[in-house]
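Single-structure report; data block below.
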Amino acid sequence: MGLAALAFWPAAALAHAVLVKSVPAQRAALAEPPPRIELWFNERLEPAYSKASVTNEAGAQVDLRDVAVLAEDPRRLSLSLQPLLPGRYTVSFRVLSVDGHVVESRLTFTVKDRR
């Protein structure tokens with residue numbers, strides 16, 4: 001029985017924080033700009049080493065630089081946005097999970113023109 005338990009140990013030890021949900025969702029086309037970005041991961045994050053930013057198509061940062069791992073849910077990363085114009089936006093994140101692994105990725109969303 002002890003050997004069977006050990007068979008699963010390496011997989012658990014090598015787990016990384018995985019993005020499981022985002023608001024807005026990847027490739028969302030929104031009629032209204034969101035006030036914030038919310039990212040949920042499958043593991044607790046290290047607040048001091050978890051970062052995110054949002055840029056527009058020109059590469060200008062459009063978030064309010066208030067990224068935080070929420071105390072009430074240490075698997076959630078959140079940041080506020082300035083009022084967004086229609087266009088495509090990229091959310092870039094780099095997080096460190098409590099298991100010591102760094103994960104870097106990005107997602108995009110679009111704010112549609114109301115015309």
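The values are calculated or read from the model by the stated rules, or taken from the named source; none is laboratory data. The shown structure was predicted, so the numbers you read here are calculated from the model rather than taken from an experiment. Please note: Cβ atoms are built from the backbone with ideal geometry, for glycine as well, and neighbour counts cover all protein chains shown.
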- Mind telling me which of the residues GLY59, GLY100, GLY87 ends up being of a type outside the set (A, V, I, L, M, F, W, C), free of Cβ contacts under 8 Å to residues at least 40 places away in the same chain and closer than 16 Å to VAL18 by Cβ? GLY100
- Note on the structure: Within segment 5-24, of all residues that are assigned to a loop (DSSP other than H, G, I, E, B) and farther than 25 Å from LYS112 by Cα, the one modelled with the lowest pLDDT is LEU14
- Message: Give me the residue from segment 70-115 that is under 13 Å from the mean Cα position of the chain (by Cα) and of a type in the set (D, E, K, R) and, out of that set, surrounded by the most Cβ atoms within 10 Å (Cβ to Cβ).
- Response: ARG75
- Does LEU30 satisfy the criteria of being within 16 Å of ARG94 (Cβ to Cβ) and either touching a Phe, Trp or Tyr at 6+ places or on another chain (Cβ under 7 Å) or among the β-branched types (Val, Ile, Thr) (or both)? no
- Task: Mind checking which strands (runs of 3 or more DSSP E) fall wholly inside segment 25-115 and carry at least 2 residues that are modelled with pLDDT under 95?
- Result: 102-111
- Those residues that are over 11 Å from SER78 (Cα atoms) and among the charged types (D, E, K, R), I need them from segment 48-68; list them, please. GLU57
- In segment 71-115, what residues are closer than 20 Å to ARG27 by Cβ and among the hydrophobic types (A, V, I, L, M, F, W, C)? LEU77, LEU79, LEU81, LEU84, LEU85, VAL91, PHE93, VAL103, LEU107, PHE109, VAL111
